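Colleague: Sending over a structure as structure tokens; questions will come in a sec.
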Amino acid sequence: MRHGKYPFIIGFLVVPVALYCTFVVAAYLQAFQLSFTGWSGFGRITYIGFENFHKLWNDDLFWQSLRHNLFLLILLPVVTVAVALVIAFLLNVGGSSRGGQTRGVRGSKAYRIIFFFPQLLALAIVAVIFQRVFGPDKSGMLNGLFPASWNPWLFLADERWAMTCILIVLIWQAVGFYVVLFSAGMGSIPAEIYEAAALDGASRITLFFRVTIPLLWGTIQVAWVYLGIAAFDAFAVVNIMSVDRGGPNGATSVLSLMIWRNTFEFSQVGYASAIGVVLFFLTLTFAALTLRVTRRESLEA
Amino acid sequence: MVATTAAAPAARPRRRVDDGVMTVGRSRAGTIAANTIGVIFSLFMLFPVYWVLNTAFKPPTEVLALTPTFVPTHPTFDNFLSAFKAQYFLQDMLNGLVVTLMAVAGALVVGFLAALAIARFKFFGRKGIILVILAVQLVPFIALLIPLFLMLQRVSLTDSLIGVSITYLVLILPYTVWTLRGFISGIPRELDEAALIDGCTRGQVFWRIILPLTGPGLVATSVYGFIQAWNEFIIINTLNSPAKQNLMAWLLQNQTTRGTAWGPLMAGAIITSIPVVVFFLIIQRNIATGLTAGAVKG
């Protein structure tokens, strides 16, 4: 039977491989190439060597944006994973126990649907909604909920808090997906393990840290990588929500937004491509590092 | 009270068995706390969505009222009507559907075949292909906008629904291949072999055995692909002119040009979300299966 193998393999894989070679590999090579040019998006392409990268090194906005990406990179996975784990644990193990069986809280199915709901809304729509939530006058949702005597909070218009508002939106959008993902993982942990631990006198908190987390480690690792990548992107939310695209005063600028603005607003395609190259290496480094570092930890545990 | 005293004697013999668990701290207070957290978190998740609905049914004067009301005092459909009547709305809705369906259908065909190859054959470069599939999901797509534009321009596929469809296909393909591969790996090889012995050709095995058994996986991946493609707006906005956008891009266009017309904007957001919500409600029972199939059966 073996001789008939390769025609199938080649036939099945030729289209996807061709698509990736053109749309991803070739496109990235071109982005690398453009990063060494001073191209404006129109007219002639001139090569300028490493000048874009040199300019980037001295660009304050670049460092500011990078700091914001790192802010998201640290807080988005930490908060989202923590909240999602706790909620998923409550849904699966937090309920009353009858006959020694651990169960989820009542209505856990309904909760699962509710939590997943934001995942259905496009990031664009989420951003539009939260613009309204964070409205800086009394007609905004949160300011409307606050006592009438308070001065309206500025939220996104406040340099100190704008980035936190962005973070909250990203968490709100992402957390439901990870609740469902972790719930599915917890569902596949055999109930006997919980029962045995419970009989040995483990409290719910011990169960969480000693049983659930170690057994879910693989899933948590994947979640971490995905959330990290979302933190490196964050373009849609920042672009739509932030005051003055990345403002006020650059307080919400991120690398992806810089790429966009340099390409379409400032006609500096070469410079934008250089930022893209930096972002490419940052993302891949992050993914490789996360997988490497967390793998070692899981072996020690 | 009567009921509890009546039940008590019957429950007593079991009490000893339960003792170990009763000390777990699975107290009534703990359960109440768990439920409370659940409810509060639900409010946190639902309130903004509720606020959208609330705003969409309010006339403009109420939307910007300084003391917002929790229910529209004069509910109106005007916002929805004005969204439907707005320029390009219906056109962009149709564009979005066409682009999304083409991308999903294409990704299913291409993805199913690729998943078959990866799940059922051992060959040189298989590991490399798996690695590439995973890595593609990591790279920031935004840096590719310009090269993508230049490439499609060369073959006159900018400002075209086909160009966008192909790009979306590429976007949703990694997830499709990865998930379907999980489903196909779950089908016992013995079935293939039995069919081969009974005289099926390889092609027939794929067509008659594996394809029908992958059904749930095809549904899960197509729904996910639909959501991804329907919700995308950056690529289509870059590649196409205003007449060839999708609803998401339309929405954002209107957000910038109309400024603070929140009512119609929220109404538009609701209309735009309907297809995805409907799809989700259809498959919500299987959502966890769809999400984890690729990962669990690796």
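None of the figures in this text is laboratory data; all of them are computed from the coordinates on show. Given the structure is predicted, the values throughout are model-derived calculations rather than measurements. Please note: Cβ atoms are built from the backbone with ideal geometry, for glycine as well, and neighbour counts cover all protein chains shown.
Colleague: List, in the order given, every pair from A:K109/A:K138; A:K138/B:K244; A:K138/B:K58 whose Cα-Cα distance in the structure shown is over 28 Å.
Modeller: Listed pairs above 28 Å: A:K109/A:K138; A:K138/B:K244.
Colleague: Roughly how many debye, to the nearest 20, is the charge dipole of region B:83-296 about its Cα centre, given +1 on each Lys and Arg Cβ, -1 on each Asp and Glu Cβ, and no other charges? All intermediate terms of the calculation are to be shown ahead of the outcome.
Modeller: Working: 13 positive and 7 negative charges, 44 e Å.
That gives region B:83-296 a dipole magnitude of about 200 debye.
Colleague: Follow-up question, since we're still on this one. Give the distance, in whole Å, between the Cα centre of region A:1-48 and the Cα centre of region A:182-231.
Modeller: 40
Colleague: Lys/Arg Cβ at +1, Asp/Glu Cβ at -1, dipole of the protein assembly as shown taken about the Cα centre: which of B:A107, A:V128, A:N249 is farthest positive-ward?
Modeller: B:A107
Colleague: Give, rounded to the nearest 20 debye, the magnitude of the charge dipole that the protein assembly as shown has about its Cα centre when Lys and Arg contribute +1 at Cβ and Asp and Glu contribute -1 at Cβ. Spell out each step's value before the answer.
Modeller: Details: 41 positive and 25 negative charges, 299 e Å.
For the protein assembly as shown, the charge dipole is close to 1440 debye.
Colleague: Still on this structure, please answer the following. Which percent of the Cα-Cα distances in region A:52-300 go past 33 Å?
Modeller: Values: 9855 of 30876 pairs.
The proportion of pairs with Cα distances above 33 Å equals 32 percent.
Colleague: Which of B:Y175, B:I187, B:H74 sits closest to the plus end of the dipole of the protein assembly as shown, meaning its Cα is farthest towards the positive end, when Lys and Arg get +1 and Asp and Glu get -1 on the C-beta?
Modeller: B:I187
Colleague: Cut-off 10 angstrom, C-alpha nodes, Gaussian network model of chain A. Which of A:T46, A:T22, A:T252 fluctuates the most?
Modeller: In this elastic network of chain A, the residue with the biggest mean-square fluctuation among A:T46, A:T22, A:T252 is A:T22.
Colleague: I've got another one for you. Take B:W250, B:W178 and order them by how many other Cβ atoms sit within 10 Å, fewest up front.
Modeller: So the residues, fewest neighbours to most, are B:W178, B:W250.
Colleague: Treat every Asp and Glu Cβ in chain A as -1 and every Lys and Arg Cβ as +1, leave all other atoms uncharged, and give the resulting dipole magnitude about the Cα centre to the nearest 20 debye. Before the final figure, lay out the partial values.
Modeller: On the way: 20 positive and 14 negative charges, 159 e Å.
I would put it at about 760 debye.
Colleague: Let me ask another. Tell me, in nm to one decimal, what length is gained between A:V25 and A:F53 on full extension, where the rule is 0.36 nm per residue of separation less the Cα-Cα distance?
Modeller: Extra length available between A:V25 and A:F53 comes to 7.9 nm.
Colleague: Would you kindly calculate the mean projected area, averaged across all directions, of the convex hull enclosing the Cα atoms of the protein assembly as shown, in square nanometres?
Modeller: Values: hull surface 135.4 nm².
Taking a quarter of the hull surface, the average projection is 33.9 nm².
Colleague: Let me ask another. What is the mean number of Cβ atoms from other protein chains located within 10 Å of the Cβ atom of each residue in peptide B:36-48, rounded to a whole number? Let's see the in-between values first.
Modeller: Values: counts 1, 5, 14, 3, 0, 10, 7, 1, 4, 11, 4, 4, 11.
For peptide B:36-48, the averaged partner shielding equals 6.
Colleague: Semi-axes of region A:170-263's equivalent ellipsoid from the Cα gyration tensor, sqrt of 5 times each eigenvalue, largest first, rounded to whole Å? Working shown, then result.
Modeller: Working: eigenvalues 338, 29, 19 Å².
Each semi-axis is √(5λ); the values are 41, 12, 10 Å.
Colleague: Another question, if that's okay. Once every DSSP H run of n ≥ 4 in the protein assembly as shown is given -39500 (n - 2.57) and the sum is divided by its residues, what mean residue ellipticity at 222 nm do you get, rounded to the nearest 500 deg cm²/dmol? Spell out each step's value before the answer.
Modeller: Numbers: 27 runs with 411 residues, N = 599.
That calculation yields -22500 deg cm²/dmol at 222 nm.
Colleague: Averaged over A:251-260, how many beta carbons belonging to a partner chain fall within 10 Å of each residue's beta carbon? Numbers along the way, then the final one.
Modeller: Working: counts 0, 0, 0, 0, 3, 5, 1, 1, 5, 5.
Taking the mean over all residues of the peptide, I get 2.
Colleague: Which of the trypsin sites (Lys or Arg not before Pro) found in region A:127-219 are in a DSSP loop and have at most 15 neighbouring Cβ atoms, other than their own, within 10 Å?
Modeller: A:R160
Colleague: Between A:H54, A:T294, A:L145, whose Cα lies farthest towards the positive end of the dipole of the protein assembly as shown when Lys and Arg beta carbons carry +1 and Asp and Glu beta carbons carry -1, centred on the Cα centre?
Modeller: In the protein assembly as shown, that residue is A:T294.
Colleague: Could you list A:W153, A:W39 so that the one with the fewest beta carbons within 10 Å of its beta carbon is first and the one with the most is last? If you can, show how the numbers build up before the last one.
Modeller: Working: A:W153 18, A:W39 23.
Ordered from fewest to most neighbouring Cβ atoms within 10 Å, A:W153, A:W39 come out as A:W153, A:W39.
Colleague: Sort B:L169, B:L46 so the one with the fewest other Cβ atoms within 10 Å of its own Cβ comes first. Present the calculation step by step, with values, prior to reporting the outcome.
Modeller: Values: B:L169 27, B:L46 14.
Fewest to most other Cβ atoms nearby, the residues stand as B:L46, B:L169.
Colleague: Assuming a viscosity of 1.567 mPa s and a temperature of 4 °C, what translational diffusion coefficient in µm² per second does Stokes-Einstein assign to region B:141-234, Rh being the Kirkwood radius over Cα pairs? Present the calculation step by step, with values, prior to reporting the outcome.
Modeller: Numbers: Rh = 15.8 Å.
D, rounded to a whole number, is 82 µm²/s.
Colleague: For chain A, return all DSSP H helices satisfying: extent of Cα atoms along own axis at least 18 Å; mean Kyte-Doolittle hydropathy at least -1.0. Working shown, then result.
Modeller: Numbers: long enough: A:5-20 (23 Å, 1.66); A:60-93 (49 Å, 1.77); A:108-120 (19 Å, 0.57); A:162-187 (38 Å, 1.95); A:217-233 (24 Å, 1.05); A:269-300 (46 Å, 1.02).
Answer set is A:5-20, A:60-93, A:108-120, A:162-187, A:217-233, A:269-300.
Colleague: Sort A:243-249, B:98-104 for me by packing, meaning the mean count of neighbouring Cβ atoms within 10 Å per residue, highest on top. Display every interim value, and only then the final one.
Modeller: Numbers: A:243-249: 15.9, B:98-104: 22.0.
Peptide ranking by packing, descending: B:98-104, A:243-249.
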